[in-house]
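The structure appears below as structure tokens.
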Amino acid sequence: MEKSKIAFIINPNSGTSKKEDLPALIDKKLDKSRYEATVVFTQYAGHGKELAARFVEEKYKYVVACGGDGTMNEVASELVHTGVIFGVIPYGSGNGLARHLGISMFPRRALKQINNHVIKTIDYGLADETKFFCTCGTGFDAHVSHEFATKGRRGFLTYLKTIFKEYLHYKPYMYVLKNEEVEIRQRAFLITFANASQYGNNAFIAPRASTSDGILDVTILKPFSFFAIPWLAFLLFQKEIDRSKHISTIRTKEITLIRRKAGLFHIDGDPVEKGKEIHIKVIPAGLKVLIGRSLSIEVIIRAQLIYARRKIRIHRKSIQRAILE
């Protein structure tokens, strides 16, 4: 059987985990009977895009981003509509797309998923001409993305501290959202355009979003009091934020955001500058991704039977002990 060419693009600066040992782990765990691997480290911002474009030209079948959502975006942006299959080994602070797709947060398991994978075709979004795969947006989350990018330390704890610090003096703005069907004028704390369901760390800002339905879920978070924060946080991590009275949701293929002036925006968690008007739309079925195989019904039933037999043996021994006593 001819081996498939697979490239691993590693961002050494993403997240908090060290990645010096990742090449050795890839060499040890990757199925060498199926894959011929190339491993490279990025050296500067934007290098992931350049490397991905090179691997497309060199006819690689798979290109795997090893990093966070920013690295994922760089690599995946060069693979859309090429037929090259995209993979992820998550090493970021949030890993929103990887979590949404069910990719393991543990590198060893993520490599096992690569060895035993299925291919899924997913949508992606455009904010003007900038591609996004998980979420993009304006307001508080874009502000936090900008502040987080300036921090010396990465990781979820730093992100959480940034959120609490910046909330104390952040002011909501007025926005207009319009397309052929609706026109909404709303003062909002944030507006998120979601292809996938979460920011990362299982914070589900758009719980019903799907990467393969040809629709974007637009989540509008209206201004709220300080005392609403615990309930909002609970709903966010329980995948039920859309139950809140402070949330409005629009499901659409495309929409235009109008704000009072140009400024901060985020693309898959990374801060960027965008204009006063931003046109956001979904591009259906634009990227092939590899994900781990789901457990078959037979495997699930077999596991349940084994568990049941163990419980029966435990109960039987308990009964025997009780009789003897």
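Restricting the stretch 52-87 to residues that are surrounded by fewer than 24 Cβ atoms within 10 Å (Cβ to Cβ) and among the polar types (S, T, N, Q), which is nearest to Lys19 (Cα to Cα)?
Ser77
For the stretch 63-91, give me the residue count where each residue is closer than 21 Å to Ile283 by Cα, out of contact with any Asp or Glu (no Cβ under 9 Å at 6 or more places or on another chain) and assigned to a strand (DSSP E or B).
Matching residues across the stretch 63-91 total 4.
Of the residues that sit in the stretch 10-49 and are part of a strand (DSSP E or B) and among the hydrophobic types (A, V, I, L, M, F, W, C), which one is nearest to the chain's Cα centre (by Cα)?
Ile10
Quick check, is His146 in contact (Cβ under 8 Å) with a residue 12 or more places away in the chain, outside the structural domain of Gly70 (by TED's automatic domain parsing) and either under 18 Å from Asn95 (Cα atoms) or exposed (fewer than 15 other Cβ atoms within 10 Å of the Cβ) (or both)? Can you show your working first?
Numbers: in contact (Cβ under 8 Å) with a residue 12 or more places away in the chain: yes; outside the structural domain of Gly70 (by TED's automatic domain parsing): yes; either under 18 Å from Asn95 (Cα atoms) or exposed (fewer than 15 other Cβ atoms within 10 Å of the Cβ) (or both): yes.
In short, yes.
I'd like the residue in the stretch 249-261 that is within 25 Å of Tyr159 (Cβ to Cβ) and of a type outside the set (Lys, Arg) and, out of all such residues, is surrounded by the most Cβ atoms within 10 Å (Cβ to Cβ). Give the steps one after another, and end with the answer.
Start the filter on the stretch 249-261 by keeping residues that are within 25 Å of Tyr159 (Cβ to Cβ), which leaves 249, 257, 259.
The next check asks that each one be of a type outside the set (Lys, Arg); those that pass are 249, 257.
Values: Thr249: 16, Leu257: 23.
It comes out as Leu257.
In this structure, is Thr38 among the polar types (S, T, N, Q) and touching a residue at least 40 places away in the same chain (Cβ under 8 Å)?
When the stated conditions are applied, Thr38 does not pass them.
Name every residue in the stretch 216-241 that is aliphatic (A, V, I, L, M) and surrounded by fewer than 18 Cβ atoms within 10 Å (Cβ to Cβ), in order of residue number.
Here is the first cut: in the stretch 216-241, the ones aliphatic (A, V, I, L, M) are 216, 218, 220-221, 228-229, 232-233, 235-236, 241.
Ala228, Ile229, Leu232, Ala233 - these are the residues of the stretch 216-241 that are aliphatic (A, V, I, L, M) and surrounded by fewer than 18 Cβ atoms within 10 Å (Cβ to Cβ).
Specify the residue that is modelled with the lowest pLDDT; the eligible residues are those in the stretch 14-46 that are touching a helix residue (DSSP H, G or I) at 6+ places or on another chain (Cβ under 9 Å) and of a type in the set (S, T, N, Q).
Going through the qualifying residues, I end up with Thr16.
Only residues that are over 18 Å from Ala196 (Cα atoms) and surrounded by fewer than 18 Cβ atoms within 10 Å (Cβ to Cβ): list them for the stretch 272-294, please. Give the steps one after another, and end with the answer.
Pass one, the stretch 272-294, residues over 18 Å from Ala196 (Cα atoms): 272-279, 293-294.
Those that are over 18 Å from Ala196 (Cα atoms) and surrounded by fewer than 18 Cβ atoms within 10 Å (Cβ to Cβ): Val272, Glu273, Gly275, Lys276, Glu277, His279, Arg293, Ser294.
Suppose we filter Lys165, Lys245, Lys161 for residues that are surrounded by fewer than 16 Cβ atoms within 10 Å (Cβ to Cβ), more than 30 Å from Asn13 (Cβ to Cβ) and not small (Gly, Ala, Ser); which single one remains?
Lys245
Count, please, the residues in the stretch 199-214 that happen to be closer than 17 Å to Lys120 by Cβ and buried (at least 19 other Cβ atoms within 10 Å of the Cβ).
The qualifying residues number 2.
Scan the stretch 10-27 residue by residue and report those that are of a type in the set (A, V, I, L, M, F, W, C) and surrounded by fewer than 13 Cβ atoms within 10 Å (Cβ to Cβ).
Ala24, the sole residue that qualifies.
Out of the residues in the stretch 92-127 meeting the condition of being part of a loop (DSSP other than H, G, I, E, B) and out of contact with any helix residue (DSSP H, G or I) (no Cβ under 8 Å at 6 or more places or on another chain), tell me which one is nearest to Ser4 (Cα to Cα).
Among those that are part of a loop (DSSP other than H, G, I, E, B) and out of contact with any helix residue (DSSP H, G or I) (no Cβ under 8 Å at 6 or more places or on another chain), it is Asn116.
The values are calculated or read from the model by the stated rules, or taken from the named source; none is laboratory data. None of these values were measured; they are calculated from a predicted model. Here the Cβ is made from the backbone with ideal geometry for all residues, glycine too, and neighbour counts use every protein chain on show.
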